[in-house]
1. So A55 ticks every box in (1) open to solvent by less than 30 Å² (accessible area, probe 1.4 Å); (2) part of a strand (DSSP E or B) but one. Which box is left unticked?
2. Take the residues in the range 26-51 that are charged (D, E, K, R) and open to solvent by less than 60 Å² (accessible area, probe 1.4 Å), then tell me which one is farthest from C85 (Cα to Cα).
3. Can you tell me which residue among D77, D33 is modelled with pLDDT of 95 or more and part of a helix (DSSP H, G or I)?
4. Which numbered condition trips up M136, out of (1) touching a helix residue (DSSP H, G or I) at 6+ places or on another chain (Cβ under 8 Å); (2) touching a residue at least 24 places away in the same chain (Cβ under 8 Å)?
5. Tell me the residue from S131, S137, S84 that is modelled with pLDDT of 95 or more and either among the acidic types (D, E) or within 23 Å of L21 (Cα to Cα) (or both), please.
6. Of the numbered conditions (1) free of Cβ contacts under 8 Å to residues at least 40 places away in the same chain; (2) open to solvent by 10 Å² or more (accessible area, probe 1.4 Å); (3) among the hydrophobic types (A, V, I, L, M, F, W, C); (4) more than 26 Å from V179 (Cβ to Cβ), M92 satisfies every one except a single condition; which is it?
7. Based on this model, can you work out whether S99 counts as at pLDDT below 95 and surrounded by fewer than 18 Cβ atoms within 10 Å (Cβ to Cβ)?
Amino acid sequence: ILIHAAAGGVGLIVCQWAKALGATVIGTVGSDDKAALARAHGCDHPIVYTRENFAERVREITKGEGVAVVYDSIGKDTFMDSLSCLRPLGTMVLFGAASGAVPPFDPQVLAQKGSLFLTRPTLFTYVAKRSELVTMSSELFEAVTSGKVRIEVNQRYPLREAAQAHRDLEARRTTGSTVLLPWV
């Protein structure tokens, strides 16, 4: 699999959980420090996108085959190259838009690149029924309590500094999860 922002809060969880399930994990990161963090959390092949073309590196790592799934929380800046990372019949999971919304594109591109699948999930769709929320949260908590997944809270902000927390997230100055503390 390829996970973008592999050293972020979601990225670290995906790296660990996917590795526990037996996946080979490739991840994009913005620095060597973030590469080391992602590697320590199950990312087999961190790619520092600021100096490497991630689509070319994915093709090299997979010996031209491509990955089965791309998890893309970045959006506009990575979308088309992410599609190029997929093997035929691969799936693109676009679950965020950190760089902005993906512009309209011709769905014929999915056919041309190998009959690809594209999904744009939202959490609220998946947890619309309480039973689904309970099942999925139980699976996550089991992964955490078993030690398969460690949640890394690497920065905390008082709620009154929420704007600064957002600026730091946008500037890619954070790793792991960020917590806002209402009582500080």
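1. (2)
2. Among those that are charged (D, E, K, R) and open to solvent by less than 60 Å² (accessible area, probe 1.4 Å), it is K34.
3. Just a single option satisfies the conditions, and that option is D33.
4. Answer for M136: the failing condition is (2).
5. Criteria check complete, one pass: S137.
6. Only one criterion is unmet by M92, namely (2).
7. yes
So that you can scan it fast, the table gives a plain yes or no per residue for (1) open to solvent by less than 80 Å² (accessible area, probe 1.4 Å); (2) among the basic types (K, R); (3) closer than 23 Å to G96 by Cα:
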residue: S138; (1), (2), (3): yes, no, no
residue: G147; (1), (2), (3): yes, no, no
residue: I151; (1), (2), (3): yes, no, yes
residue: R160; (1), (2), (3): no, yes, no
residue: D168; (1), (2), (3): yes, no, yes
residue: A171; (1), (2), (3): yes, no, yes
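The values are calculated or read from the model by the stated rules, or taken from the named source; none is laboratory data. All of these numbers come straight from a predicted model, not from anything done at the bench. Cβ sites come from the backbone with ideal geometry, for glycine too, and all protein chains shown count toward neighbours. Please note that ligands, DNA and RNA were not included when accessible areas were found on the heavy atoms of the full protein model with its side chains. Shrake-Rupley method; radii C 1.70, N 1.55, O 1.52, S 1.80 Å.
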